[in-house]
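To start, the structure under review is shown below, and the notes come after it.
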């Protein structure tokens, strides 16, 4: 029989439970989510389960990280379904606070992540990453010392949270986990529920664009601009998709790579029907063997992204 | 024989020591300082010693909270003397990291405290309270669950840190402690070393101004503007002092009180010689007995500030 996780709504109660676990020498694995759980989240829980003694999942749709015109109210919520996903992965505790428990007063203290929060996703979503950093700081403080699992699918968020944990010395080990995909390559996302019919099929264009960029690099292309061009063209070729960005950037600071002379992150964002979708892929060019073999052709290894 | 505290320079080492203490059920009391310790700091340590099993003092002059024209380089530093003060109060551990240990990379993540950081001290010291909130966030994360002791002397800092701890859910109980004063009333401060001769004597004008404000309230005055006026006049009467501000504010949000109809915080700032000095006092008007006794005269109780 599947054991359902214990649902905790109060910060003080959660803290007490986790402190008691740690006092017994047990390690805590933490998967922060906004609910609407899918196979991507399940893979984070699976890994947390394998690496820790106690697995905590938080389900909280954080108003702070939504812009005034974004889908905070409409964001899909289904606690019963979410609990089933958690139960399936052997999660021990689900932290499910309401907005008043998390923000009893109007929020006046913000964790600001600087420049990295205003590029890429931050351009169309001003304040989003400060909102993420603020709620993650709160959740880290509430959860206490732990390993925390985040999906590589939200690559910029992962970089921001890794920086946050280091910069503010949180006693948290941030673990990035591979993107989980549908059979046609579409990255798992809670926002995929917004996709219907032809839009759902068109959404595969994002992964296809990343693949074409990776292939180009494998074929020896070293110009970041060329890689971007090819990815953008692939998304533009899909009439139901509207390109937001297609970039080839440094995986550490997300700055545009003029040349692909080391690992890069390919990242795309596009609107398809009612959904704004993002996807990304880590790509490393094979070291050029031109000097030794006289050929300049090299291969790319594609890290599962 | 006095036991000298153990000096720890590394974050990882400190964390390990304190986690071990907590695992043994011992409570940690934490006094964050910038060194240059005086009787005010000693009183914080004394209280931390009385209320906890392990007493930690941090000594770190935080570059982030100094403006470009402020006294970061000149800020008084004397570790040996500081360790003697700590030893005298039975401190167990002194955390004394260098700047590279605290900021191994250029600081890019900031804790922003909003409006309250740009009034009073924040007006002449833009960015100061964000710098304080950022380093205190780091220190809280490094120290872990604890009681943390701060002086009421820096009243605005205390309010900011109380808000910070609540807003970001740090597992830290913030304890405010009364200001310690020289015999003539001058509040203890590391910056008092900048005062020489006549300036040192003139510096007593700050406390005298607060006293005159408190007396006015005790005499029944209820106009915040009148109280401010009297305090400002007292400091202006001292030729060696240059008034920065004299205010009568709500003790919770530091907003100007038009009327003294409840507890207020009187706060002053002035430059005296080479030093910029601040001081403050909590004052509560006695409840008006006018309605019952026919007299409108009331008394003020002066909370030790």
Inverse of <1/r> over all distinct C-alpha pairs of segment B:99-172, i.e. the Kirkwood Rh in Å, gives 12.9 Å
Between residue A:108 and residue B:225, Cβ-based FRET efficiency (R0 35 Å, step 0.05) works out to 0.80
In degrees rounded to 10, the 0-90 angle between helix B:155-167 Cα long axis and the longest Cα principal axis of chain B is 60 degrees
Percent relative contact order for chain B, counting Cα pairs under 8 Å at least six residues apart, stands at 15 percent
GNM of chain B, Cα pairs under 10 angstrom: of B:105, B:221, B:182, the biggest fluctuation goes to B:105
Taking N as the number of residues in the protein assembly as shown, the ratio of its alpha carbon radius of gyration to 2.2 N^0.38 Å works out to 1.14
Taking every residue of B:161-171, the Cβ atoms of other protein chains inside 10 Å of its Cβ average out to 5
Inter-copy distances for residue A:68, label 7 Å out on the Cα-Cβ vector, sorted ascending, nm, one decimal, are 3.3
Cα-based Debye curve of segment B:131-198 sampled at q = 0.18 Å⁻¹ gives log₁₀ I(q)/I(0) of -0.73
If A:53, A:98 are placed from fewest to most neighbouring beta carbons inside 10 Å, the sequence is A:98, A:53
For peptide B:102-110, the mean count of other chain Cβ atoms within 10 Å per residue Cβ is 5
For residue B:173, inter-copy label-point distances (7 Å, Cα→Cβ), nm, shortest first, read 3.2
Working note, segment A:7-99: Cα radius of gyration (Å, one decimal) and Dmax (Å, whole number) are 13.8, 46
So the angle from the long Cα axis of helix B:79-88 to the longest Cα principal axis of chain B, reported in degrees to the nearest 10, equals 80 degrees
Rounded to the nearest whole number, the per residue volume of the convex hull around the C-alpha atoms of segment A:146-242 in Å³ is 137 Å³
FRET efficiency (residue B:191, residue B:211; Cβ distance; R0 35 Å; to 0.05) is 0.95
The Cα radius of gyration of segment A:190-303, divided by 2.2 N^0.38 Å with N its residue count, comes to 1.14
Protection proxy (average C-beta count within 10 Å per residue), highest first, orders A:251-263, A:196-208 as A:196-208, A:251-263
Computed over chain B: longest principal axis from alpha-carbon atoms vs helix B:39-51 long axis, angle to nearest 10 degrees, is 70 degrees
The FRET efficiency for residue A:23 and residue A:123, from their Cβ-Cβ distance with R0 = 51 Å and rounded to 0.05, is 0.70
For segment A:67-118, the Cα convex hull volume per residue in Å³ comes to 159 Å³
Candidates B:18, B:210, B:266; GNM for chain B (alpha-carbon contacts under 10 Å) flags as most fluctuating B:18
Note: probe point = Cα of residue A:166 + 7 Å toward Cβ; backbone nitrogen < 18 Å; residues of segment A:30-74 passing the test are none
Note: A:133-140 gets an average of partner chain Cβ contacts (10 Å, Cβ to Cβ) equal to 3
Quotient of Cα radius of gyration and Kirkwood radius for segment A:6-177, i.e. Rg/Rh, equals 0.94
Here the residues of segment B:86-118 lying in the modelled label zone of residue B:10, meaning backbone nitrogen under 13 Å from a point 7 Å along Cα-to-Cβ, are B:101
Looks like segment A:215-260, by Cα gyration tensor root eigenvalues a ≥ b ≥ c and the a/c under 1.5 rounded cutoff (else prolate when a/b is bigger than b/c, oblate otherwise), is oblate
A student asked for the Cα radius of gyration and Dmax of chain A in angstrom ought to give 20.2, 67
Output row for residue A:101: copy-to-copy label distances, label 7 Å along Cα→C-beta, ascending, in nanometres, one decimal, is 3.8
Per-residue ellipticity at 222 nm attributable to helices in the protein assembly as shown (runs of n ≥ 4 DSSP H, -39500 (n - 2.57) apiece, nearest 500 deg cm²/dmol) works out to -10500 deg cm²/dmol
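Coordinate-derived values only; no laboratory data. Just so you know, these numbers come straight off a predicted model, no measurement behind them. Heads up, the Cβs are rebuilt from the backbone with ideal geometry, glycines too, and the neighbour counts pull from every protein chain shown.
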